[in-house]
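Laboratory data are not the source of any read-out in this text; all were calculated from the coordinates shown. The model shown is predicted, which means the values in this text are computed figures rather than measured ones. Because the Cβ atoms are built from the backbone with ideal geometry, glycine has one as well, and the counts that use them run over all protein chains shown.
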Amino acid sequence: MNKVLRELIIVQFREYWRAPEVLFWTLGFPIMIASVLGLLYSFKPAENHRVAYIVQESSENNRQNLDHIKTNDIIKSNQKNFQNLAHFFENLQIDLPGKSIRKISFEKMDRESAEKAYRSGKIEIIVQLQIDGSLQYLYDPANERAENLYLWIDNRIHENSSNVKSQVLKLNQRGSRYIDRLIPGLIALGIMNSTLWGIGWTLIEFRIKKFLRRMIVTPMRKIDFMLSISIVRMGLSVIEAGILFLFARYFFDVRLQGDFLTFAVLFLAGHIAFSGLSILLASRTNNTRVGNGLINIVTMPMFLLSGVFFSYHSFPDWMVSIIQYLPLTILADTMRNVFLYNASFMSIGFSILYLVTFGVILYIAGLKYYRWY
Amino acid sequence: MKSSKGKPIIEIKNVVKRYKDQLAVDQVSFTINQGEYVALLGPNGAGKTTIVEMIEGIIKPDSGEILIEGLTWKGDDRYLKSILGVSFQETRFMDKSTVSETLKLFCAFYNIGSGRVDEVLELINLSEKKNSYVENLSGGQRQKLAIGIALLNNPKILLLDEPTTGLDPQARREIWMILKNLKNQGRSMILTTHYMEEAEFLCEKILIMHTGRILAQGRLEELLAAHSEGGIIEIRLENETDALKLYDLISVTDSTCQLAEKTIYLKSKTPAVFLKNILGITEEQNVIISDLQVRTMTLDDLFILMAGQHLHE
């Protein structure tokens, strides 16, 4: 190794070594994330899949098939033993292909409750035992996890009773598809990312450039500066969300079922929440590597846990009780309620109040500790 | 702005500032009168920037008092910001803003009409660059822009922290001329620098600083007159061992003697007599002189005699 190269390497390592905060965010933070996620996914039952099953009640039409059922011993046996089969699944610790250990629990529901649970993301698949002894699986095939779940359940059932007929009903009408749940979640995620990276990063960069310091020695009011940053980012977030929504509307026929004004107020509340958070995160550091770590440590857990891509209800209950109060979870869930179920302004009042209060408190705390120089 | 020299506009009284275990400013006191151009002259780490930042209100002194027009930063900050014009050692503006857009932004901060932009562009000789992005400006042009921003509000006090550090001689001289042309408008200026020529060219009053203290202050001619009787003798030796040997011998009898690397500086009222003696000593001790100068004192000499190092170190 030539001397120049060696010195260049040494000098760069020294930069890390002599800045412990950078060392932490470069080496410590990934280890920390890996440890936390590793613990979550390795030593605990990481995901608890909930399957709704419906036992179709006898009706006039169904009774017409009764003779057929009586003649088919396998189906009769299946129908009779369905509860036992479900009980068997409930307590089974299973290993899904290529995944960690997960638990599947079956919950008996009526059709209406099952659909409601499906729409809210609490369950990903509905299994319906027909009066003729056959099975119907209802889920969105675009949801890979639901598809895996269907394959696994169906295989297990056929291992026990090879003659059971099964049929997949695609839940892909508007409002019940995976994409319908995904788009409001992505809009919420977009607000978080755009705000935290946009505002947080800009503030750190301005501090490094000493531009903040230059402005603060003029009579400019600090609040005007902060508002300007927030308004600019809000404008960009609106454009981002608008493009995403138009794309989803044009290609997937995703529609806003709720009131636009309610959606707009929720959007603003989300922006306020994450603006406050970004100002607090960027309040002290003048190092982009530290800023990068700080923003990541906040965004990554929410990205993984807040149910943007998959329902957080599959996490253990103790985790769900924490996850549901994360600002991204509140924003994404409420946005889905407005998008898919036409939730009224009053019904989402708590979420809006929660997000605005969260943002204002962090904003005040951030400004209190803010380093302008 | 009318000229009314003489009235104190900035009063620094027994100011102390410490950073962790380092004393940056140690019991500093001085007064600047309206219309005065004052240089804080000293090497890096002398405490110049700390003093200027305390005047700007960016940092607070640990003890002592700073009065600007008799006011303090407690409660009068908005007014004080409106009468100060500030240029930092280094500021980067928005890269994708043009020069005139940048000036216009700062006009808004001072609630000044954007008509001031063209006036300032002329003052700083940057009119032809008004539509250029900041990222495309040279170092000198960026520094001119920084000074332009400092001048936007027609400030009573200009605070310029090393405005020409890192610039080439031509750009430095251009900035000197801009600042020189601003004189006689009743405006006061504090300029920190480690360029002796800059202090001499621009400022009538000079405060020489070293390790947080003021070593000497006064008008340039006063400072030099107080120390320049006779002449400065500069003896450069072949090597540091010889320099140290000779320094030890001279310093016993001459307290003004200072050693900087291989060169000995001293002040003598009778240089001719001293030279005769010193040549005898060098022959006796077998040390070799590589260069010898006798001249009148400069600010740099004065600083070396006081601090034992060059201004640029």
Checklist entry - In the range B:146-301, with Lys and Arg counted as +1 and Asp and Glu as -1 at Cβ, which of these residues, B:L160, B:V294, B:A260, has the Cα nearest the positive end of the dipole, that is, farthest along it? => result B:L160
Checklist entry - Where the centre of each part is set by its Cα atoms, how far does the range B:163-230 sit from the range B:28-80, in angstrom? => result 17 Å
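With charges set only on the Cβ (+1 for Lys and Arg, -1 for Asp and Glu), what does the dipole of the range A:194-340 come to about its Cα centre, in debye to the nearest 20?
Values: 13 positive and 7 negative charges, 184 e Å.
Computed charge dipole of the range A:194-340: roughly 880 debye.
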Checklist entry - From the Cα gyration tensor of the range B:247-313, with a ≥ b ≥ c the square roots of its eigenvalues, which class applies: rounded if a/c is under 1.5, or else prolate if a/b is larger than b/c, or else oblate? => result prolate
Item to check | Three principal axis lengths of chain B [C-alpha, angstrom, descending] | outcome: 75, 41, 39
Item to check | Low-density loop positions, trypsin sites (Lys or Arg not before Pro), the range B:163-264 - DSSP coil, at most 16 other Cβ in 10 Å | outcome: B:K183
Checklist outcome for this item: If the chain between B:Q293 and B:T211 were fully extended at 0.36 nm per residue, the gain over the current Cα-Cα distance would be 26.6 nm
Item to check | the range B:134-203: C-alpha gyration tensor shape, a/c 1.5 cut-off, then a/b vs b/c | outcome: oblate
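Looking only at other chains, what is the average number of their beta-carbon atoms within 10 angstrom of each beta-carbon in B:99-107? Don't skip to the end; give the middle numbers.
Working: counts 0, 0, 0, 0, 0, 0, 3, 4, 0.
Partner Cβ neighbours, averaged per residue: 1.
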Checklist outcome for this item: per DSSP, antiparallel bridges as share of beta bridges in the range B:157-266, % nearest 5, sits at 70 percent
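Which shape class applies to the range A:291-361: rounded if a/c is under 1.5, otherwise prolate when a/b exceeds b/c and oblate if not, where a ≥ b ≥ c are the square roots of the Cα gyration tensor eigenvalues? Don't skip to the end; give the middle numbers.
Details: a/c = 1.93, a/b = 1.29, b/c = 1.50.
Oblate, because a/c is 1.5 or more while a/b does not exceed b/c.
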Checklist entry - Taking other Cβ within 10 Å of each residue's Cβ, how do A:M226, A:M234 sort, fewest first? => result A:M226, A:M234
Checklist entry - Hey, what do the phi angles of the range B:25-42 turn into as Karplus ³J(HN,Hα) couplings, whole Hz, using 6.51/-1.76/1.60 and θ = phi - 60°, x for Gly and Pro? => result 9, 10, 6, 8, 9, 6, 10, 10, 8, 4, x, 7, 9, 10, 9, 9, 10, x
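Write out the trypsin sites (Lys or Arg not before Pro) in the range A:280-373 meeting two conditions: DSSP loop, and at most 16 other Cβ atoms within 10 Å of their Cβ. Spell out each step's value before the answer.
Working: sites: A:R284, A:R289, A:R336, A:K368, A:R371; in loops: A:R284, A:R371.
When the trypsin sites (Lys or Arg not before Pro) of the range A:280-373 are filtered for loop state and at most 16 Cβ neighbours within 10 Å, A:R284, A:R371 remain.
How high is the relative contact order of the range B:81-201? Use alpha-carbon pairs under 8 Å, at least six apart in sequence, and give a whole percent.
Once normalised by length, the contact order is 33 percent.
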Checklist entry - Can you give the average number of partner chain beta-carbon atoms within 10 Å of each beta-carbon in peptide A:217-224, as a whole number? => result 6
Item to check | Positive-pole candidate from A:W318, A:I187, A:S275, dipole of the range A:178-368, charges at beta carbon | outcome: A:S275
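Longer than 30 Å from Cα to Cα, which of A:K209/A:K368; B:K7/B:K180; B:K20/B:K81; B:K183/B:K269; A:K222/B:K7 are they? Say none if no pair is. Each step should come with its number before you reach the end.
Working: A:K209/A:K368 21 Å; B:K7/B:K180 21 Å; B:K20/B:K81 28 Å; B:K183/B:K269 37 Å; A:K222/B:K7 33 Å.
The answer is B:K183/B:K269; A:K222/B:K7.
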Checklist entry - Each residue of the range B:243-253 in order: what ³J(HN,Hα) in whole Hz does its phi give by Karplus 6.51 cos²θ - 1.76 cosθ + 1.60, θ = phi - 60°, with x for Gly and Pro? => result 4, 5, 4, 5, 4, 4, 6, 6, 5, 5, 9
Next on the checklist: Binning at 10 angstrom from zero up to the longest distance, how are the C-alpha pair distances of the range B:196-313 distributed in percent?
Outcome noted: 13, 44, 30, 12, 1
Checklist outcome for this item: Given Cβ charges of +1 for Lys and Arg and -1 for Asp and Glu, the option among A:I361, A:P327, A:V265 whose Cα lies farthest towards the positive end of the dipole of the range A:178-368 is A:I361
Next on the checklist: Can you return the aspartates and glutamates within cross-link range of B:K96? Criterion is Cα-Cα under 18 Å, with same-chain partners fewer than 8 residues away left out.
Outcome noted: A:E205, B:E128, B:E135
